[in-house]
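The structure under discussion appears below in the form of structure tokens.
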Amino acid sequence: MNILNKISKKNLLLNKKRSIGTLIGIILSTALICATAGLLTSFQHTLIQVTLKDRGNYHIALSEYSAKQVDTLENNRDIAAIDILDEIGYAEYDNQNEVPPYLHLYSLASQKSFEHLSYSLIKGNFPKDQTELVISEDLYLIDKDKYKIGNKITLEVGIRTTLDGEKLNENNPYQENDEQLIDKTTREFTIVGIMENNYELDSYGGVGITTALPSEDESTYHHTVYVELKNPKDYEQSFSEILGTTFTEDSPVSTDEYHLNTELLRWQAFKFSDSTVSMLFTVVAIVILIIVVTSIFCIKNSFDISVTEKSRMYGMLASIGATKKQIKKNVILEGLFLALIGIPLGILGGFLAVFVLVNIVNFLLKDFISDEAVIECTVSLAPILLSVVLGIITVYLSSMKAAKKASRVSPIESIRNLSDVKITSRKLKVPKLIQKIFPIGGVIAYKNLKRSKKKYRTTVISLVISIFVFVSLNSFLHYTFKTTNTYYKDYDYNVLITSTFEDKNKLLEVLNTPGTEDYTLLYESSYTVNGYLEITDLSNLTSFGKDLLKDKLCFYDETKDEYACQDETVSRITLMAMDDEAYQEYLKELNVKDTSKTAILLDNYAVEEETGKRIEKRIYRYEAGDTITGTYNQQPLSIPVSKVTTARPRGIENSYTDGGYLIVSEKDYRNLNFVPYLVTINAEDASQVVQEIKNQFPELYIVNFDQNAKSDKAVNQIVSIFLYGFITVITLIGVTNIFNTITSNLELRQREFATLKSIGMTKKEFDHMINLETIFYCTKALVLGTIFGIIGSYAIYLAYAKKLDFGYYLPVKAILLSAIAIFLLVFIIMKYTMKRINKQNIIDTIRKENI
Amino acid sequence: MTMEILRVENLTKVYGKGSTKVVALDQVSFSVNKGEFVAIVGASGSGKSTLLHIIGGVDRPTKGKVYIAGENIYDLNDDNLAIFRRRQVGLIYQFYNLIPILNVEENITLPLELDNRKVDKEQLNELLTLLGLESRRKHLPNQLSGGQQQRTSIGRALITHPAIVLADEPTGNLDTKASDEIVALLKKSNKEYNQTIIMITHNLEIAKEADRIIQIEDGKIKVGD
């Protein structure tokens, strides 16, 4: 073995304490990088799995695609799989007076396609051939006996057209007297399975699918052709080839010809993200940056220290003729030895952390998520590679700097033992204040700090970084919790039902269910087209309200073959009513005395500013006491306003329209023809109530807010586990770093201390001096760390502000906490080291030449 | 015919500036022939250590030239100077300056290893015998007495057969018995290998063992030649 390698190896073995310190730094930072990246890939993998189950395994769906075109697709090497969905037609069935009275029938080429497109079975199997049928849950629920598995049904299948014979599809709403079924043929199917509703196939839900090979005839058109790409990251090129036109990131995601599986592409190719995802990425990027910077500093410090300790040795090597290159190589080699051990251990630790975290998360979430969404701990190559590369770069950069320092050690300086104490000759004035408060010990301590700044720089830097990281991560924690909390405000109800009944009495039947006594009923207008209070006198609008009407009225100009838009001349207020009891309660809350036939105007429109902040603006100039005059269902109508407010009634807290809401009592305005819209219930046991209503009225759409809040709490717990875990590791890195720098700094000054004692400094004076030094540089570090920490926390705030509207918060608590922790930590480490140093004999230490 | 191995011309070294200016060496010139054993003597602070460091290529002069084996060593860049040092100069310090983690044999052969040269076992054994360290070859510096450590550092200086050996107070840290041994050893290598040696000492008794004495006072040569 080369002599330099030998020196590196022996150095590491003989300076075990230092080597282990550096090693811990390397292991921790590699583990942190690996765990962060590993968590990301695990989440990505899980999200892809969930999306696959949810949306199906395809990237682009092509509508009305000819069999001939499919032939070319089959030769395309970028394509992993093709699923063909054919439309068989529509069949009339008894839909119990709901619209439309049709069942929509499709066929898929094979049983495999059902799985590939993730149609989820509730019961039974997917059809084997064209005599078998799987039906949607909606259909099954209409008549559970008639549509049960094993039953045979006979259907008259035909094509839906207008009365003129123009073909209609699932996108055309049902028009009772204007459409027909033609070319009917009789078909018999055996029901073999029931699957979840798939609203992509038909928004009305009545769907049946059989298995039949697609027609080979080149002239036929398939209803939809689903294409899965081999490499989703190259989607732009692949889609361009498939569509025959240039496809870019900015192309529409859905047209008449195709639509993309944007959810899947979002997680596989990281494209088509919304602002939540981009905010998340910004935050994760900042976090990774903090890890890398902290690690580099920590490891660099360790190397710096060991070089300082051995600077005498490097000087000797230089004096007997070792070149700079040789000394550099020696230091870097030491780093590589450590990296060789530290990086693999770090990666193992990182994956262990991912494994533990993922299992905790799954445990906490087990009540709230289906088995599909269980997070899988995936060991993929990407985080390993990232950790190895970043780890090596970190170690290389850190040791490089130290190596340069070592190679610069001039032989004469090390022979004379001058290297680290370069004292400037300029006069040093000790401030009067310090002289006054702290006598001799303070003066020496001050001079020490001022004259040999370099000696303290490493310690101060490592303290500053620890404070900075702690303070900014605390803000990260604060904002993350704030984000999760804003999504679920505390409502004073826990069940929300969207009514599908137009008959109030039928809805009241629902409200007979025990536990639903405390309810509020919200009505909307029964006139779906003219169910607004239309205001033509625009002088009552604010300038913002007028802006909202600009370019709203669009029509298709056939002569020019283009869409043209002009300003809307009517402003529409949505009329809503409450049952009288709840309305009176609402008035009381708003402090409105006048209760006769009045209305409450909800006039706040939320807009997102360019900065990303949400602000609320008013649309109208109406104030309390004014009467709003307009037309309702083509009849003139005037309603007096008793209050303009932003306090919304139960159920529409988060709904906004272009024209605001006018809330009245249903009893006062019965002539306006209101129909039930929303019911909010404050139930004792929400899940029991929801279960009972669901059993009796499966057609109602019910939300259980208690369940949401519970899962929200679990999400909060998970987020805190991650963040606190993260803070713990970062703090550990920081503490290792601080311990390393302080102990070595004191050890290097042993001779200086011994000299001071030998000339008669008492133990008390000496301790006083050391304590003052500690206070001086801790204060310096605190001031700098706090400044940087506030900058860091503001950067994190800006990343979050993209999405949410809350102000900056000064992390006072974190700053105070770090101040206390830093002083405590430093004093403990100082005391520990000084105790060890004090045990040594003064003269031995002074004489000690060969450290 | 005598051959000049070292020539120093107008060597000047100034530390500091303005009021703190100290002239450590002032226009020093002399030369040494191959095989000579020269002692440099002078009081503390007279500039003798500075002179030795500059000759050894570990410190740079403010002005002047140093020729070793005909080459001006300060015309060389840092790396070449380091290589020159390990091939042509052997340094012996008062405090030995051994690498604590290497044993006697490794310390001695270090300059060769740095130069990627093969160690001649026979030559090494001969040297160890000369130094009286055969039985200590595997010991670490902290397991040796002061005299033994200094002998190791002499071994390290001699192993490359340098043009000159520079010894800076080699006996300064040793008792009389050990000092005598070291001086005897230096003389022996001077005679046996025709090794040029320049030694700093403030002990006139020891200086008398040399072929020639150069006395330095306030950075100038006082009595010479």
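The values are calculated or read from the model by the stated rules, or taken from the named source; none is laboratory data. Keep in mind that what you see is a predicted model, and the values were worked out from it rather than measured. As a convention, Cβ positions derive from the backbone with ideal geometry for all residues, glycine included, and neighbour counts pool all protein chains shown. What goes into the accessible areas is simple: the full protein's heavy atoms, side chains included, and nothing from ligands, DNA or RNA. Shrake-Rupley method; radii C 1.70, N 1.55, O 1.52, S 1.80 Å.
Quick notes
- Solvent-accessible area of A:Glu517, all protein chains in place: 130 Å² (probe radius 1.4 Å, heavy atoms, ligands and nucleic acids excluded).
- J(HN,Hα) series, region B:103-117, from Karplus relation 6.51 cos²θ - 1.76 cosθ + 1.60, nearest Hz, glycine and proline x: 7, 3, 4, 5, 4, 5, 7, 3, x, 5, 5, 4, 8, 6, 9
- Flagged links, alpha-carbon separation over 23 Å, of A:Lys504/A:Lys694; A:Lys9/A:Lys325; A:Lys10/A:Lys831: A:Lys10/A:Lys831
- Entries in A:Lys16/A:Lys329; A:Lys300/A:Lys780; A:Lys6/A:Lys329; A:Lys405/B:Lys63; A:Lys128/A:Lys152 that, when Cα-Cα distance is taken, lie over 18 Å: A:Lys16/A:Lys329; A:Lys300/A:Lys780; A:Lys405/B:Lys63
- Summarising the label geometry, the points placed 7 Å from Cα in the beta-carbon direction at A:Thr190 and B:Asn125 lie 9.8 nm from one another.
- Members of region B:73-92 that become less accessible by 40 Å² or more once partner protein chains are added (1.4 angstrom probe, chain alone as reference): B:Asp79, B:Arg85, B:Arg86
- In degrees, nearest ten, helix B:146-158 long axis to first principal axis of chain B (Cα): 80
- In this rough spin-label picture, where each label sits 7 Å from Cα along the Cβ direction, the A:Glu200-A:Asn2 distance is 6.0 nm.
- Helix-only mean residue ellipticity at 222 nm for the protein assembly as shown, each DSSP H run of n ≥ 4 adding -39500 (n - 2.57), per residue, nearest 500: -15500 deg cm²/dmol
- Efficiency of FRET from Cβ geometry, A:Thr762 and B:His139, R₀ 25 Å, rounded to 0.05: 0.05
- Between A and B, roughly 2500 Å² of accessible area is buried in total, ligands, DNA and RNA not counted and the probe set to 1.4 Å.
- Three-way shape label, the protein assembly as shown, alpha-carbon gyration tensor, a/c 1.5: prolate
- Were the residues from A:Gln634 through A:Ile393 laid out at 0.36 nm apart, the gain over their Cα-Cα distance would be 79.4 nm.
- Percent RCO, i.e. relative contact order, over region A:57-260, from Cα pairs under 8 Å lying at least 6 residues apart: 38
- Summary value for region A:519-681: 36 percent relative contact order, contacts being C-alpha pairs under 8 angstrom separated by 6+ residues.
- With a Förster radius of 51 Å applied to the beta-carbon distance between A:Asn231 and A:Leu14, the computed FRET efficiency rounds to 0.45.
- Model label sites at A:Asn359 and A:Lys593, defined 7 Å from Cα along the beta-carbon direction, differ in position by 6.8 nm.
- Cβ-defined net charge surrounding A:Leu105, 9 Å radius [Lys, Arg +1; Asp, Glu -1]: 0
- Global geometry of region B:136-175, whether rounded, prolate or oblate, following the gyration tensor of its Cα atoms and the 1.5 cut on a/c: oblate
- Within the protein assembly as shown, the cysteines lacking any other cysteine Cβ closer than 4.7 Å to their own Cβ are A:Cys34, A:Cys298, A:Cys377, A:Cys778.
- Taking only protein heavy atoms and a 1.4 Å probe, the accessible area of region A:1-40 is 70% carbon and sulfur.
- Extension gain, A:Glu309-A:Asn695: 0.36 nm per intervening residue step, less the Cα-Cα distance, totals 131.3 nm.
- Ignoring aspartates and glutamates fewer than eight residues from B:Lys208 along the same chain, the ones with Cα atoms less than 17 angstrom from its Cα are B:Glu36, B:Asp168, B:Glu169, B:Asp180, B:Glu181, B:Asp225.
- Note: relative contact order over chain B, using C-alpha pairs below 8 Å and six or more positions apart, is 30 percent.
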